[in-house]
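**Student:** Below you will find the structure I want to go over with you.
The values are calculated or read from the model by the stated rules, or taken from the named source; none is laboratory data. Values in this document were obtained by computation on a predicted structure and should not be read as measured data. In this analysis, Cβ positions are derived from the backbone assuming ideal geometry, glycine residues included, and neighbour counts consider all displayed protein chains. With ligands, DNA and RNA removed, areas are computed over all heavy atoms of the protein, side chains included. Shrake-Rupley method; radii C 1.70, N 1.55, O 1.52, S 1.80 Å.
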Amino acid sequence: MTNTHKATAAVRTCLLAACALLVAGSVPARAAAPPESLAGNWLYVTVTRGDIRAGDTDSDTGSGDTRGALLLCDPPQGHAHAVRACGELRAAGGAIGRIPPTGVHCPMIYAPVTASARGEWGGRAVTHTETYANSCVLAARTGAVFALSN
(Lines give C-alpha, C1' and ligand atoms only; values in the text may rest on other atoms or scores of the structure.)
Protein backbone atom coordinates (compact mmCIF):
# COMPACT_ATOMS: atom_id res chain seq x y z
CA MET A 1 0.00 0.00 0.00
CA THR A 2 1.38 3.44 -0.88
CA ASN A 3 1.43 6.44 1.41
CA THR A 4 -1.51 7.96 -0.49
CA HIS A 5 -3.63 4.85 0.05
CA LYS A 6 -2.65 4.75 3.73
CA ALA A 7 -3.64 8.39 4.17
CA THR A 8 -6.92 7.84 2.33
CA ALA A 9 -7.74 4.82 4.50
CA ALA A 10 -6.93 6.80 7.66
CA VAL A 11 -9.16 9.69 6.55
CA ARG A 12 -12.02 7.28 5.78
CA THR A 13 -11.66 5.67 9.20
CA CYS A 14 -11.71 9.05 10.93
CA LEU A 15 -14.75 10.20 8.94
CA LEU A 16 -16.64 7.01 9.77
CA ALA A 17 -15.82 7.42 13.46
CA ALA A 18 -16.93 11.07 13.39
CA CYS A 19 -20.21 10.12 11.66
CA ALA A 20 -20.83 7.41 14.26
CA LEU A 21 -20.29 9.93 17.07
CA LEU A 22 -22.66 12.42 15.44
CA VAL A 23 -25.38 9.80 15.09
CA ALA A 24 -24.88 8.55 18.64
CA GLY A 25 -24.94 12.13 19.96
CA SER A 26 -28.29 12.87 18.31
CA VAL A 27 -30.06 10.05 20.16
CA PRO A 28 -31.63 11.33 23.41
CA ALA A 29 -29.98 10.04 26.55
CA ARG A 30 -31.98 7.52 28.55
CA ALA A 31 -31.54 6.60 32.16
CA ALA A 32 -29.62 3.35 32.43
CA ALA A 33 -31.58 0.25 33.39
CA PRO A 34 -30.79 -1.39 36.72
CA PRO A 35 -29.13 -4.76 37.02
CA GLU A 36 -31.66 -7.56 37.52
CA SER A 37 -29.69 -9.45 40.20
CA LEU A 38 -30.07 -7.12 43.19
CA ALA A 39 -30.80 -8.40 46.68
CA GLY A 40 -32.76 -6.62 49.40
CA ASN A 41 -35.05 -3.64 49.04
CA TRP A 42 -34.36 -1.56 45.94
CA LEU A 43 -36.14 0.62 43.39
CA TYR A 44 -35.04 2.01 40.06
CA VAL A 45 -36.75 5.40 39.94
CA THR A 46 -37.09 7.80 37.01
CA VAL A 47 -38.61 11.23 36.55
CA THR A 48 -39.52 12.50 33.10
CA ARG A 49 -40.69 16.01 32.31
CA GLY A 50 -43.94 15.93 30.39
CA ASP A 51 -47.08 13.82 30.36
CA ILE A 52 -45.92 10.32 29.42
CA ARG A 53 -48.75 7.81 29.23
CA ALA A 54 -48.26 4.06 29.08
CA GLY A 55 -47.88 2.93 25.49
CA ASP A 56 -47.80 6.52 24.20
CA THR A 57 -45.36 6.88 21.31
CA ASP A 58 -46.12 10.53 20.48
CA SER A 59 -42.78 12.31 20.75
CA ASP A 60 -44.49 15.67 21.40
CA THR A 61 -45.99 14.44 24.68
CA GLY A 62 -42.81 14.49 26.80
CA SER A 63 -39.68 16.58 26.60
CA GLY A 64 -37.36 13.59 26.71
CA ASP A 65 -35.65 14.89 29.87
CA THR A 66 -35.47 11.69 31.92
CA ARG A 67 -33.40 11.35 35.07
CA GLY A 68 -33.03 8.13 37.00
CA ALA A 69 -31.34 6.56 39.99
CA LEU A 70 -31.02 3.17 41.58
CA LEU A 71 -32.23 3.48 45.17
CA LEU A 72 -30.75 0.76 47.37
CA CYS A 73 -32.06 0.52 50.93
CA ASP A 74 -29.93 -2.22 52.54
CA PRO A 75 -27.96 0.03 53.37
CA PRO A 76 -29.36 3.29 51.87
CA GLN A 77 -27.30 4.43 48.86
CA GLY A 78 -27.31 5.31 45.16
CA HIS A 79 -29.76 8.22 45.42
CA ALA A 80 -29.36 11.87 46.44
CA HIS A 81 -31.73 11.41 49.42
CA ALA A 82 -31.41 7.66 50.00
CA VAL A 83 -31.69 7.67 53.80
CA ARG A 84 -34.89 9.74 53.82
CA ALA A 85 -36.41 7.92 50.82
CA CYS A 86 -35.74 4.49 52.32
CA GLY A 87 -37.21 5.58 55.66
CA GLU A 88 -40.39 6.80 53.96
CA LEU A 89 -40.66 3.58 51.96
CA ARG A 90 -40.12 1.44 55.08
CA ALA A 91 -42.91 3.31 56.88
CA ALA A 92 -45.20 2.76 53.86
CA GLY A 93 -44.33 -0.94 53.47
CA GLY A 94 -42.65 -0.24 50.13
CA ALA A 95 -45.85 1.18 48.58
CA ILE A 96 -45.15 4.62 47.11
CA GLY A 97 -48.87 5.42 47.04
CA ARG A 98 -49.02 4.97 50.84
CA ILE A 99 -46.41 7.63 51.59
CA PRO A 100 -48.36 10.35 53.47
CA PRO A 101 -48.57 13.61 51.52
CA THR A 102 -46.91 16.67 53.02
CA GLY A 103 -48.91 19.76 53.93
CA VAL A 104 -47.23 21.96 51.31
CA HIS A 105 -49.32 24.20 49.03
CA CYS A 106 -48.26 23.80 45.40
CA PRO A 107 -48.85 26.34 42.62
CA MET A 108 -51.62 25.58 40.15
CA ILE A 109 -49.25 25.47 37.20
CA TYR A 110 -49.48 22.56 34.80
CA ALA A 111 -45.93 21.41 34.08
CA PRO A 112 -46.38 17.63 34.21
CA VAL A 113 -43.78 15.21 35.43
CA THR A 114 -44.07 11.44 35.20
CA ALA A 115 -42.53 9.38 37.97
CA SER A 116 -41.85 5.66 37.52
CA ALA A 117 -40.40 3.08 39.85
CA ARG A 118 -39.77 -0.62 39.56
CA GLY A 119 -37.93 -2.94 41.83
CA GLU A 120 -38.38 -5.16 44.84
CA TRP A 121 -39.48 -4.48 48.39
CA GLY A 122 -39.88 -7.13 51.05
CA GLY A 123 -39.57 -9.88 48.45
CA ARG A 124 -42.43 -8.45 46.34
CA ALA A 125 -42.19 -6.79 42.94
CA VAL A 126 -42.94 -3.07 43.03
CA THR A 127 -44.10 -0.99 40.06
CA HIS A 128 -45.39 2.56 40.15
CA THR A 129 -46.02 5.04 37.34
CA GLU A 130 -47.96 8.24 37.75
CA THR A 131 -48.03 11.66 36.11
CA TYR A 132 -48.25 14.60 38.52
CA ALA A 133 -49.34 18.17 37.69
CA ASN A 134 -45.89 19.56 38.52
CA SER A 135 -42.73 18.75 40.47
CA CYS A 136 -44.12 20.34 43.65
CA VAL A 137 -47.09 17.94 43.63
CA LEU A 138 -44.72 15.04 42.92
CA ALA A 139 -42.58 15.92 45.95
CA ALA A 140 -45.64 16.50 48.16
CA ARG A 141 -47.13 13.11 47.34
CA THR A 142 -44.04 10.90 47.12
CA GLY A 143 -41.63 12.42 49.63
CA ALA A 144 -37.95 11.90 48.86
CA VAL A 145 -38.38 8.81 46.66
CA PHE A 146 -38.24 10.78 43.38
CA ALA A 147 -36.07 13.67 44.69
CA LEU A 148 -33.15 12.90 42.36
CA SER A 149 -31.24 16.17 42.64
CA ASN A 150 -29.33 17.49 45.64
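**Student:** Cβ-Cβ under 6 Å, sequence separation 6+ or interchain: first residue in region 79-108 and free of Cβ contacts under 8 Å to residues at least 60 places away in the same chain and more than 16 Å from Val137 (Cβ to Cβ), partner in a helix (DSSP H, G or I) and open to solvent by 70 Å² or more (accessible area, probe 1.4 Å). Which pairs?
**Tutor:** Pairs found: Ala92/Arg98.
**Student:** Suppose the filter is of a type in the set (A, V, I, L, M), over 17 Å from Ala69 (Cα atoms) and open to solvent by 80 Å² or more (accessible area, probe 1.4 Å); does Ala91 pass it?
**Tutor:** Here the answer is yes, as Ala91 does meet what is asked.
**Student:** Between a residue in region 41-60 that is under 10 Å from Thr131 (Cβ atoms) and open to solvent by 20 Å² or more (accessible area, probe 1.4 Å) and any residue that is modelled with pLDDT under 90 and of a type in the set (Ser, Thr, Tyr), which pairs come within a Cβ distance under 6 Å, given they are 6 or more apart or on different chains?
**Tutor:** Asp51/Thr61
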